[in-house]
1. Is there a residue in the range B:290-307 that is facing chain A (nearest Cβ under 9 Å), aliphatic (A, V, I, L, M) and within 23 Å of the chain's Cα centre (by Cα)?
2. Need pairs with beta-carbon distance below 7 Å; first residue at the interface with another protein chain (Cβ under 8 Å from one of its Cβ atoms) and touching a residue at least 60 places away in the same chain (Cβ under 8 Å) and within the range A:246-260, second in a helix (DSSP H, G or I) and among the charged types (D, E, K, R); sequence gap 6+ or separate chains.
3. Can you pull out the residues in the range B:207-229 that are surrounded by fewer than 24 Cβ atoms within 10 Å (Cβ to Cβ), within 8 Å of chain A (Cβ to nearest Cβ) and part of a helix (DSSP H, G or I)?
4. Tell me the residue from B:306, B:336 that is under 23 Å from residue B:257 (Cα atoms) and outside any strand (DSSP E or B), please.
5. Give the residues of the range A:77-131 that are at pLDDT below 95, closer than 30 Å to residue A:178 by Cβ and in contact with an Asp or Glu (Cβ under 8 Å, 6 or more places away or on another chain), sorted by residue number.
6. Which ones in the range B:164-188 are within 14 Å of chain A (Cβ to nearest Cβ), in a strand (DSSP E or B) and buried (at least 23 other Cβ atoms within 10 Å of the Cβ)?
7. Kindly provide the set of residues from the range B:108-145 that are farther than 19 Å from residue B:331 by Cβ and surrounded by fewer than 20 Cβ atoms within 10 Å (Cβ to Cβ), ordered by number.
8. If a residue has to be in a helix (DSSP H, G or I), over 19 Å from the mean Cα position of the chain (by Cα), among the aliphatic types (A, V, I, L, M) and surrounded by 20 or more Cβ atoms within 10 Å (Cβ to Cβ) to count, how many in the range A:31-72 make the cut?
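The values are calculated or read from the model by the stated rules, or taken from the named source; none is laboratory data. From a predicted model like this one, the values you see are computed outputs, not experimental measurements. We place every Cβ from the backbone using ideal geometry, glycine too, and count neighbours over all the protein chains shown.
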Number of protein chains: 2
Amino acid sequence: VTQHPHVRTIDWDGDAVVIIDQTALPHRVEMLRLTTVDALCDAIARLAVRGAPALGVAGALGVALAARNTHAHNNNGATFEAAVQRDAARIAAVRPTAVNLAWGVTQTLAHRDKGAPAIIEAAQALLEAEAESTRALSHRGADLLDSLHTGQHRILTHCNAGALACVDWGTALGVVRAAHERNHLAHVICTETRPLLQGARLTAWELARMGAPHTLVIDSAAALVIARGMVDAVVVGADRIAANGDVVNKIGTYPHALAAHRAGIPFIVAAPESTIDATTPTGNDVEIEERGDGEVIHWRGWHTAPEETAVFNPAFDVTPAELVTAIVTERRVIRP
Amino acid sequence: VTQHPHVRTIDWDGDAVVIIDQTALPHRVEMLRLTTVDALCDAIARLAVRGAPALGVAGALGVALAARNTHAHNNNGATFEAAVQRDAARIAAVRPTAVNLAWGVTQTLAHRDKGAPAIIEAAQALLEAEAESTRALSHRGADLLDSLHTGQHRILTHCNAGALACVDWGTALGVVRAAHERNHLAHVICTETRPLLQGARLTAWELARMGAPHTLVIDSAAALVIARGMVDAVVVGADRIAANGDVVNKIGTYPHALAAHRAGIPFIVAAPESTIDATTPTGNDVEIEERGDGEVIHWRGWHTAPEETAVFNPAFDVTPAELVTAIVTERRVIRP
């Protein structure tokens, strides 16, 4: 990985949205400067930008872009608002199940009657708040690690809960970064994260980029790594946290929690407050999203299994609250 | 999968060794007829035949082939024995760490002073004994399943402990086959088994071929499958069983055992008596073989992670005896 100056996953340069094109990682770092709503929608659809917090920011900056471009051509108030609203609806529709995308759009669109500069300012405020929030979470998580384990930490993480899913720090990987900046990080074991390899492609890239010593393993080697005393803690992100503390996260998280529990090492979940869903009583009340067969059986054009073999491809699993040592958010540490 | 008449993974047709070429699976079923020791050595080296019991048979049949070919050209006793012994040493050296290969060679070579027909007969006896042994193990395992669970069984298995690793029944997958023949099998969940995908490539193919309903999952989805009550038991093979009952098997077996234990379903190990190693006190005394990085980070020419990312690629893990419900061999059921 060529060392680059630190750049945000998604940012606003005054006139356009600038993103790291995640489809080119880990082999090339390509920045995309998106100057139109069409280009932004395309980037979201191609997963050039992904991850819940980053998508929230993309929604907000998309509305800013709409306002900026409309502002340039049209000063009539009613027409301006209608045009921005049309673009906003278009952006939110690109990934309709991504709650954060619609949330970022709605938050920013609320300022539409104040004109383009106010809209852009609101979107930038959302961007900065998001960056600030994961930084606070990251330091709180590093404090927690320091309180649970003496000396430099050896951490196992799963999937990518890093800067690439956020603005510039990440959640689980933000905690790793904070520990690294304190010189309290010894080593990170990252799992490749089948089927889409976010661990190999994105987390390993982020770790290489921050200069953190790290080793890649297949997902099913994590339990051995934990049992043999090769890590001091497991730190993961979360997609949803139920009211009772059950954690819904990337498929494969739960077996890591089982192994950590048996080995007696901390299992820490790093996630923003917005991930906690008080309306879902337990993890078993969450419907697990099933994704397409191709993610599992097609690999760059090659079919790994017989044609008639059926595939079950759940995207998430549920880690029971009693296996979770602590949940760290930007505001607090919760011990289920 | 085109239905073929049942064929053995490895067999003797009277003049030659016949194997299923496992490098062509799951897409093509190609039989190789190996008429020379050179051709057999090449097939072993290319992993066209693999799996401990199958390699034992390959060693035995290789010596038979040497005897047959030498016999055709040379009737002098001393020269005959020396020639067969030279070929035998060559066969055993192809995969020097595969204990069973050398064992099959040695067993058969013991008959070298009796002439070619006796050598061939000894090799065939070893082949039949191996086939008989896994069949006995398979039925004992199906009996055990019937005693532990009422009605048709839903089984999760890992890697390939099937006919392709043996002669024609397999160990864990032999138990599945026996249950299927009794009409006591509902469904099999097989894990793809990273990094080399023996589950997707070989186990799914065997299940399709026996007409058993089955579904493929990524390795790290198994714990969710078990937690959500989608299977009634986990059945796996073993590479070595320590004196205290700890089970060394393909990497990723241990987290399945953790999940089964928590869900309260049986975790069954199906393995021949020869797998039990009385000289190893516990699983922690076993050195875990580490394999090359390329298995993890190269996929058909594509590099999944940054160039500087290190890889840890252990081939096996250890399941503690207390997580094992029962070990089934061709002779008995052991409850650690």
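1. Scanning the range B:290-307 turns up at least one residue that is facing chain A (nearest Cβ under 9 Å), aliphatic (A, V, I, L, M) and within 23 Å of the chain's Cα centre (by Cα).
2. A:252/A:219; A:258/B:262
3. B:208, B:224, B:225, B:227
4. Numbers: B:306 fails: under 23 Å from residue B:257 (Cα atoms).
Result: B:336 is the single residue among B:306, B:336 that is under 23 Å from residue B:257 (Cα atoms) and outside any strand (DSSP E or B).
5. Across the range A:77-131, the qualifying residue is only A:131.
6. Scanning the range B:164-188 gives a single hit, B:188.
7. Taking the range B:108-145 first, the residues farther than 19 Å from residue B:331 by Cβ are B:108-124, B:127.
B:110, B:113, B:114, B:115, B:117, B:118, B:121, B:124, listed by residue number.
8. 6
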